[in-house]
């Protein structure tokens, strides 16, 4: 049987897995060659309970197909997991948790957990770069130096030691960076496409 990544389209995937039972059957073949194996005692006989659960005869413990997999502990249907796997592995430039949540009809929090579990399982390393027009800005965080305690004052410092540098973009997903050295006239930013242009409300970013 095909792996999830081998389907040509999301439509084909949904046709192959029309129900939750079809997903369970697929995982049984992939994980156990069709015969359930107890995670608590591999030598034990396993009974099917009829509700998607299994029972280990030797230990008396119940378990399901999700145990020991990326799906363990998740209440999201397996069909949505399969859809998420297909979408994440099909997008070369990656997909955000917000977009994934819209595509498979789950909350953004659920999509975020699914995204990280799938990336970890498939060892997906994201190397996204900003593209298009990028705007940069900066601000001080913390109180003024003159209001600090004597032993906490920093010489020639107006505000806090770290200057956050949030970014807004017109293109791919944003990657805000922190810029430690405010005295430098130009800022070196990673994760930005060479073809993109940057604009700033602060003169420090201009040569």
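The values are calculated or read from the model by the stated rules, or taken from the named source; none is laboratory data. The shown structure was predicted, so the numbers you read here are calculated from the model rather than taken from an experiment. FYI the Cβ positions are ideal-geometry reconstructions off the backbone, even for glycines, and counts take in every protein chain you see.
Here residue 8 passes the criteria (1) without any contact (Cβ under 8 Å) to a residue 12 or more places away in the chain; (2) closer than 19 Å to residue 121 by Cβ except the one numbered (2). Determine whether residue 27 is at pLDDT 90 or above, farther than 15 Å from residue 116 by Cα and not in a loop (DSSP other than H, G, I, E, B). Yes: the conditions hold for residue 27.
Each residue in segment 62-81 was checked for being in contact (Cβ under 8 Å) with a residue 60 or more places away in the chain and either more than 24 Å from residue 96 (Cβ to Cβ) or under 15 Å from the mean Cα position of the chain (by Cα) (or both), and 0 of them qualify. Suppose the filter is more than 17 Å from residue 114 (Cα to Cα), out of contact with any strand residue (DSSP E or B) (no Cβ under 8 Å at 6 or more places or on another chain) and at pLDDT 90 or above; does residue 34 pass it? No, not satisfied. Residues in segment 71-82 include at least one that is within 17 Å of residue 5 (Cα to Cα) and surrounded by fewer than 18 Cβ atoms within 10 Å (Cβ to Cβ). Among the residues of segment 42-53, none qualifies, meaning not one is assigned to a loop (DSSP other than H, G, I, E, B), under 23 Å from the mean Cα position of the chain (by Cα), at positive phi and surrounded by 13 or more Cβ atoms within 10 Å (Cβ to Cβ). Just one of the listed residues (135, 128) is assigned to a strand (DSSP E or B), modelled with pLDDT under 85 and over 26 Å from residue 30 (Cβ atoms), namely 135. Of the residues that sit in segment 83-98 and are without any contact (Cβ under 8 Å) to a residue 60 or more places away in the chain and surrounded by 15 or more Cβ atoms within 10 Å (Cβ to Cβ), which one is nearest to residue 19 (Cα to Cα)? So, considering only residues that are without any contact (Cβ under 8 Å) to a residue 60 or more places away in the chain and surrounded by 15 or more Cβ atoms within 10 Å (Cβ to Cβ), the one nearest to residue 19 (Cα to Cα) is 84.
If I ask for residues that are part of a loop (DSSP other than H, G, I, E, B) and crowded, with 19+ Cβ neighbours inside 10 Å, which ones from segment 54-69 would you list?
From segment 54-69, those part of a loop (DSSP other than H, G, I, E, B) are 57-61, 65-69; that's our starting set.
Within segment 54-69, 65 is the sole residue that qualifies.
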